[in-house]
Amino acid sequence: MSHYLIDHPPASRQFGDRHEAETGCVVVHTPESFVDVHPPDDGAENVASFISTRTDPGSYHEVVDSDSYVPLIPDHLRAFHVAATGVNQWTWGISICTSAADWGLYPAWDSAALLLTGDRIAAYLARWATRNGDVSRAWEGVGWITAAEAHAGKAGLIHHGQFQADRTDAWEIHPLRAILDGVLATNVAASLARLLSPPTEPREVPVLIVVRNNKRYLMFPDGLLIDLDGAGPPGVETWEPGGAQWKRLVSVNRSARLHRGNLDVDAIPAK
Ligand SMILES: [Zn+2]
């Protein structure tokens, strides 16, 4: 894989060595750039070019837009993406080329960009887990984590704003935060399911509870909707990544576990 800032040496230093091991913590950013809704979407290409010419520190490992991504810095190097002591040493930074306040204004763009971002984060988690000797560990990075959990070494997704009080990206204070969190985590899980063999142990994966026309649905990583108010028990579905038959195990905290064997359904939150 070529990396833009290796091929285009930046005007100012934008990366350095890591002095701590990666923990599988993925920091999600927006660069506060303009959304490019006119194909081709040059958002990521423009941000990559900007980073190579800027004279102050500010970089990511990868930038992504609605139709393309640009790897900037190899995983084994430290990007300058979080101005909080030591965090860049063990995190990996990806930036979705829009502005935090623009989420929801361009739904088709958001949807495409979040799908591609899910793929790119899943690919990173698979590389990270492989370097640690067990690709199935990539599943550990699917959910959102707190700054305290990240500092304790837990893998997962986190907003830049969680680490740095003066930042509100990727969508730290946005009214759609819960939905955007759910969509991205779900997309990461769906992408991992395509990349990897099914986990041998049950793993938590996110599901979204979607309300449409006063009906509640569960949306699973592969996009399947289950009508929670329909006749019969919800969730009697199979999912077959890697050929093995998997069942969905739904729990109350908007998560589902992929489980070999029979399906059990816990209480579903009331409307
Ligand atoms: Zn940021």
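The lone criterion from (1) away from the ligand (no atom under 16 Å from the Cβ); (2) modelled with pLDDT of 90 or more left unmet by residue 191 is number (2).
Of 108, 84, all but one fail to be modelled with pLDDT under 95, of a type in the set (Gly, Ala, Ser) and in contact with a Phe, Trp or Tyr (Cβ under 7 Å, 6 or more places away or on another chain); the exception is 84. Could you please let me know if residue 137 is in a helix (DSSP H, G or I) and basic (Lys, Arg)? So residue 137 fits the description; yes. Taking segment 162-188 as the search range and keeping residues that are surrounded by fewer than 18 Cβ atoms within 10 Å (Cβ to Cβ) and among the small types (Gly, Ala, Ser), which one is nearest to the ligand (Cβ to nearest atom)? Within segment 162-188, the match that is nearest to the ligand (Cβ to nearest atom) is 165. Taking residue 8, is it more than 26 Å from residue 145 (Cβ to Cβ) and free of Cβ contacts under 8 Å to residues at least 60 places away in the same chain? Spelling it out, residue 8 is indeed more than 26 Å from residue 145 (Cβ to Cβ) and free of Cβ contacts under 8 Å to residues at least 60 places away in the same chain.
Restricting segment 37-53 to residues that are assigned to a loop (DSSP other than H, G, I, E, B) and touching a helix residue (DSSP H, G or I) at 6+ places or on another chain (Cβ under 8 Å), which is surrounded by the fewest Cβ atoms within 10 Å (Cβ to Cβ)? Checked segment 37-53; the qualifying residue surrounded by the fewest Cβ atoms within 10 Å (Cβ to Cβ) is 37. Taking the criterion of being in contact (Cβ under 8 Å) with a residue 12 or more places away in the chain and among the small types (Gly, Ala, Ser), the residues of segment 133-159 that qualify are 136, 138, 141, 143, 147, 150, 153, 155, 156.
The values are calculated or read from the model by the stated rules, or taken from the named source; none is laboratory data. No experiment lies behind these values; they were computed from the predicted model shown. Every residue, glycine as well, gets a Cβ built from its backbone with ideal geometry; the counts of neighbours run over all protein chains shown.
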